[in-house]
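Here is the structure we will look at, set down as structure tokens.
The values are calculated or read from the model by the stated rules, or taken from the named source; none is laboratory data. Being a predicted model, the structure only gives us computed values, none of them experimental. All Cβ positions, even for glycine, are placed from backbone atoms using ideal geometry, and neighbour counts span all protein chains on display.
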Amino acid sequence: MNNKMGESYLRLKWNVQGIFDDFLAIEKELEHQMDLLPEAKINERKKITNWINQIKEIDEEVQNVKKYKLAEIEKIINYNFAEPDLVVLSLIQPSIKNLFIELNVYYSKLGLEYNFEPYLSMDEAAKVLALIGDAVIDLALVQILWQPNISNVGDLSIKRSTLASNENLGRICDKLDLFDSRIPSNSNQLCSKMEKINHIKGTIVEALFGVIYLESGFDQVISSTILLK
């Protein structure tokens, strides 16, 4: 689709390609550090083992999204994503930051050089995607629901609010089966309140629409927003 958004749209680009490709290198380094540890260092060995397991699980979840989930999403919304890593990023949950904070401290303590900044910023990047998605969904719904008669403006507001609600976005999240694809998948596992769950689901859908906007602009968002009705 041709870009109609001008220079302001062109500036909204992120270079995230390959951001999830380095997990194996981190895993190998941790395994190497494990080999260097004496057997008597039980607690430290347990800590490293836990990190390795978390990295493996996250990597498996990322690959599952790229190999399987992405195609399912594209089929339902009738849109092919240009950058799979952005879709993965839209599924990142805040709890992932804890792991990379710990790894950053550990690497620094050992004097190992590694740039963890992209990983430390992933949860905030996912929030920004959701922020963008929230804004463009609202505007797209106004565009779709707009009627020339000013007396109908109240109906527009009510319908927009209903379609953009977390409850409705949660329904879309379920339709796309995204909740169980969030990364890490055990995030918010203790959450049982439906309101909180719908908020999480809504945020995921908003982030996905944020990706659509970054890749293809507002016209594509309008086309995809029909899914919300």
(request) For residue 42, indicate whether it is farther than 23 Å from residue 207 by Cα, among the β-branched types (Val, Ile, Thr) and free of Cβ contacts under 8 Å to residues at least 12 places away in the same chain. (result) yes
(request) Scan the range 72-93 for residues that are under 17 Å from the mean Cα position of the chain (by Cα) and loosely packed, with under 15 Cβ neighbours inside 10 Å and jot them down. (result) 72, 74, 80, 82
(message) Quick check on the range 89-110. Is at least one of its residues acidic (Asp, Glu) and closer than 19 Å to residue 205 by Cβ?
(response) no
(message) Can you list residue pairs whose Cβ atoms sit under 8 Å apart, with the first residue in the range 196-217 being farther than 16 Å from residue 139 by Cβ and the second being assigned to a helix (DSSP H, G or I) and among the aromatic types (Phe, Trp, Tyr)? Count only pairs 6 or more apart in sequence or on different chains.
(response) 197/179; 200/179; 201/179; 204/179
(request) Could you please find all residues in the range 63-85 being over 19 Å from residue 24 (Cα atoms), in a helix (DSSP H, G or I) and not hydrophobic (A, V, I, L, M, F, W, C)? (result) 68, 69, 72, 74, 75
(message) Just the residues that are aliphatic (A, V, I, L, M), over 28 Å from residue 203 (Cβ atoms) and in contact (Cβ under 8 Å) with a residue 60 or more places away in the chain, please, taken from the range 111-154.
(response) 112
(request) Pull up the range 43-68, narrow it to residues that are closer than 17 Å to residue 184 by Cβ and of a type in the set (D, E, K, R), then point me to the one that is farthest from the chain's Cα centre (by Cα). (result) 56
(message) Based on this model, can you work out whether residue 88 counts as touching a Lys or Arg at 6+ places or on another chain (Cβ under 9 Å), among the hydrophobic types (A, V, I, L, M, F, W, C), under 14 Å from residue 22 (Cβ atoms) and part of a helix (DSSP H, G or I)?
(response) yes
(request) Could you list all residues from the range 16-39 that are free of Cβ contacts under 8 Å to residues at least 40 places away in the same chain, exposed (fewer than 13 other Cβ atoms within 10 Å of the Cβ) and within 29 Å of residue 177 (Cβ to Cβ)? (result) 21, 24
(request) Being modelled with pLDDT of 95 or more and among the small types (Gly, Ala, Ser) is the filter here, so list the residues in the range 182-217 that pass it. (result) 202, 207, 210
